[in-house]
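Structure first, commentary second.
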Amino acid sequence: MGHWHEGRFHHRHPGSLYQVSPSDKALKPLSTGYQLGNLDGVVRHKDTLYISDWISGELYQLRDNQRRIVLSTNPGLADIGADAGTLYAPMMMDNTLVAWQLP
């Protein structure tokens, strides 16, 4: 689950990524997702998480306890989705939908 801090946009502290326990609904922060950004979309592909940041337009990859920026776009990178190895990214400020092949 991605988190934006309270307020509307441009927060003082970046949002973090949490794992939700199905049994008791407890939240556990992921160390590689701590204060990651203004999180919008989260997709799992194989053993990797991809997370979009609406404000910066960056796409993060979390894998093997490491995080890195794999793509920098314009602001407005929204609710990403994936299907059969393709990541779909709506670019809300550009009114476009972009697709990338995932490794």
Handout entry: Total residues in the stretch 19-49, condition among the polar types (S, T, N, Q) and open to solvent by 70 Å² or more (accessible area, probe 1.4 Å)
Key = 3
Practice task
Could you tell me whether the stretch 56-77 includes any residue that is over 12 Å from the mean Cα position of the chain (by Cα), among the basic types (Lys, Arg) and under 17 Å from Val42 (Cβ atoms)?
Solution key: yes
Exercise for the section: Would you be able to say whether some residue in the stretch 82-92 is under 10 Å from the mean Cα position of the chain (by Cα) and at pLDDT 90 or above? Expected result: no
Practice task
Check the stretch 39-50 and report whether any residue there is among the aromatic types (Phe, Trp, Tyr) and at pLDDT 90 or above.
Solution key: yes
Practice task
Please note which strands (runs of 3 or more DSSP E) are completely contained in the stretch 50-98 and include at least 3 residues that are of a type outside the set (Asp, Glu) and either surrounded by 15 or more Cβ atoms within 10 Å (Cβ to Cβ) or in contact with a Ser or Thr (Cβ under 7 Å, 6 or more places away or on another chain) (or both).
Solution key: 58-63, 66-72, 86-91
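The values are calculated or read from the model by the stated rules, or taken from the named source; none is laboratory data. All of these numbers come straight from a predicted model, not from anything done at the bench. Backbone-built Cβ (ideal geometry, glycine too); neighbour counts: all protein chains shown. Remember, those area values only see protein heavy atoms, side chains included, never the ligands or the DNA or RNA. Shrake-Rupley method; radii C 1.70, N 1.55, O 1.52, S 1.80 Å.
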